[in-house]
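Take a look at the structure below.
The values are calculated or read from the model by the stated rules, or taken from the named source; none is laboratory data. Keep in mind the model is a prediction, meaning the values are calculated, not measured. So basically every Cβ, Gly included, is an ideal-geometry build from the backbone, and we count neighbours across all protein chains shown. For the accessible areas, the whole protein counts, side chains as well, though only heavy atoms, and no ligand, DNA or RNA atoms are used. Shrake-Rupley method; radii C 1.70, N 1.55, O 1.52, S 1.80 Å.
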Amino acid sequence: MGVFKLIPVLFMKDGVFVEKTNHSEIIEESPKDLVYEYSNNGADEVMIFDVSSDEKGHDKTIRSIITIADYVDIKLLVGGNIESLEDVKKYLYTGAKKVILDAKKLNNIDMIKDASDRFGSDKVAVLVDKSFDFSKVNSIKYDGASLIIADDCAEKIIGNGIKVLAYNGTNSFEDIITFSQNDKIYGVAHDEFNLSFDYMDFKHQLKEQGIKVSILESKYKFQDFKLNSDGMIPVVVQDYKTNEVLMVAYMNEEAYNLTIKTGKMTYFSRSRNEIWVKGLTSGHFQYVKELKVDCDYDTILAKVCQVGVPCHTGAETCFFNELVKTDYEETNPIKVFEKVYNIIQDRKANPKEGSYTNYLIDKGIDKILKKVGEEATEIIIAAKNPDPQELKYEISDFLYHTMVLMVEKGITWKDITKELSRR
């Protein structure tokens with residue numbers, strides 16, 4: 001049996017989230033921030049329906065979903081305004097996990113089959129209701145990984161071996177328990193799963209019923225750790241994306257157990273002598289991404305999603321007071337790339353006389369593209385040489401010129417690494 005998922009449903013018009021029934025009422029003008037909150041609060045995926053009324057609004061929604069997908073880790077299911085395979089492709093290019101096809105709005109069942117054949121049935125979901133002719137399900141080519149989204153009719157298609165997501169049905173706790181006990185049920189999606197809904201607590205209730213859900217489950221009990229004289233263990237906190245060390249704090253057993261249960265970093269404040277949920281007063285929560293214990297079992301390493309800043313001074317890390325520093329060559333790939341990128345970006349903002357970078361930027365996009373093409377050719381030629389030194393040199397040249405192109409087009413390394421991680 002797979003992991004049972006809880007999925008909120010959101011409606012987007014002209015690039016902003018709106019009320020389900022009143023599309024003129026905006027509920028959030030910063031869509032990426034809202035989905036970010038859902039991601040941090042325990043939602044497993046997010047379903048987004050595009051309800052834009054014209055092509056201009058549809059394009060705004062496409063751009064907004066791209067921004068969301070670049071900003072958050074949570075998977076997106078996207079549907080609405082699909083008239084052709086080109087529309088399916090546009091949604092997939094936003095970074096969506098699956099595209100939702102509404103069976104009622106499609107001209108014929110072949111559209112579902114064509115989308116499944118072209119993009120893979122694992123990329124296609126089909127929205128059906130009680131009026132759907134379920135005999136047509138067997139005429140569609142599925143590979144078993146595809147998803148049918150059903151409205152109170154999941155039981156009608158479970159027998160076909162197709163994964164089912166129960167959408168906006170009568171979802172009492174008992175109904176959800178019944179659904180989740182069938183291994184063909186993928187999860188429940190509902191527009192009432194809002195931010196006030198306690199996802200983590202509900203998942204723990206499901207777990208108590210024997211349902212497999214996505215929650216934190218530690219391989220160690222607090223008693224397994226080597227504690228200090230106060231019965232606590234120090235915690236080194238890192239940003240999960242950059243590995244920047246953010247802060248150090250302490251946990252007692254209660255704080256550790258609350259961290260595991262809620263997914264929010266919880267410590268014991270020695271100065272206040274009380275449990276301390278990081279961010280409870282400031283809003284600068286830390287959401288758990290990974291916890292590790294060291295070889296001596298006396299220190300925890302926490303990788304977190306940091307909201308806002310970790311330090312009470314407003315700094316992005318508590319470690320900003322430099323003591324000593326020697327000159328050394330940075331070899332961390334992403335830091336090197338970001339350093340060079342930032343220099344190029346600075347040259348564009350603050351031109352420097354005699355700068356080759358400014359020469360390229362001043363000459364314009366055609367010159368930059370010409371150099372990227374030339375350097376790509378140089379890589380091919382160098383690759384025929386048995387000595388790899390020349391190849392390393394040419395690849396470095398190519399990457400530099402590519403970064404000039406990236407700066408010119410407003411593309412960052414974060415954009416690139418996010419795209420690569422999806423593949």
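For the reader, a short list of remarks on this structure follows.
- Residue list for the stretch 262-294, filter: small (Gly, Ala, Ser) and over 21 Å from Glu244 (Cα atoms): Ser269, Ser271
- Residue satisfying all of: in the stretch 278-294; at pLDDT 95 or above and over 24 Å from the mean Cα position of the chain (by Cα); surrounded by the most Cβ atoms within 10 Å (Cβ to Cβ) among these: Val293
- Within the stretch 178-209, the set of residues being touching a helix residue (DSSP H, G or I) at 6+ places or on another chain (Cβ under 7 Å) and of a type in the set (Val, Ile, Thr) comprises Ile185, Val188.
Residues checked against (1) among the small types (Gly, Ala, Ser); (2) farther than 28 Å from Thr412 by Cα; (3) surrounded by 21 or more Cβ atoms within 10 Å (Cβ to Cβ):
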site	(1), (2), (3)
Leu10	no, yes, yes
Lys20	no, yes, no
Asp50	no, no, yes
Tyr91	no, no, yes
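- For the stretch 344-360, a residue qualifies if it is closer than 22 Å to Glu394 by Cβ and of a type in the set (A, V, I, L, M, F, W, C), and the qualifying residues are Ile344, Leu360.
- Flag if Asn342 is under 30 Å from Gln286 (Cβ atoms) and open to solvent by 100 Å² or more (accessible area, probe 1.4 Å): no
- Scanning the stretch 221-238 for residues that are touching a residue at least 40 places away in the same chain (Cβ under 8 Å), under 16 Å from Leu258 (Cβ atoms) and open to solvent by 30 Å² or more (accessible area, probe 1.4 Å) returns no hits.
- For the stretch 177-199, a tally of residues being surrounded by 18 or more Cβ atoms within 10 Å (Cβ to Cβ) and either farther than 26 Å from Thr259 by Cα or at pLDDT 80 or above (or both) returns 10.
- Test: residue in the stretch 111-118 that is part of a loop (DSSP other than H, G, I, E, B), free of Cβ contacts under 8 Å to residues at least 60 places away in the same chain, of a type in the set (Asp, Glu) and surrounded by fewer than 21 Cβ atoms within 10 Å (Cβ to Cβ): no
- Across the stretch 295-317, the number of residues qualifying as outside any strand (DSSP E or B), hydrophobic (A, V, I, L, M, F, W, C) and either open to solvent by 50 Å² or more (accessible area, probe 1.4 Å) or free of Cβ contacts under 8 Å to residues at least 12 places away in the same chain (or both) comes to 2.
- Ile211 vs. criteria open to solvent by less than 60 Å² (accessible area, probe 1.4 Å), out of contact with any strand residue (DSSP E or B) (no Cβ under 6 Å at 6 or more places or on another chain) and either of a type outside the set (Ser, Thr, Tyr) or under 30 Å from Ser180 (Cα atoms) (or both): no
- Single match in Ile100, Ile27 (criterion: open to solvent by 60 Å² or more (accessible area, probe 1.4 Å) and assigned to a strand (DSSP E or B)): Ile27
- No other residue among Asp152, Asp114, Asp110 is modelled with pLDDT of 80 or more and among the acidic types (Asp, Glu) apart from Asp114.
- Within the option set Phe193, Phe225, being among the hydrophobic types (A, V, I, L, M, F, W, C) and more than 24 Å from Leu6 (Cα to Cα) holds for one residue only, Phe225.
- Selection status of Gly2, of a type outside the set (Asp, Glu), assigned to a loop (DSSP other than H, G, I, E, B) and open to solvent by less than 20 Å² (accessible area, probe 1.4 Å): no
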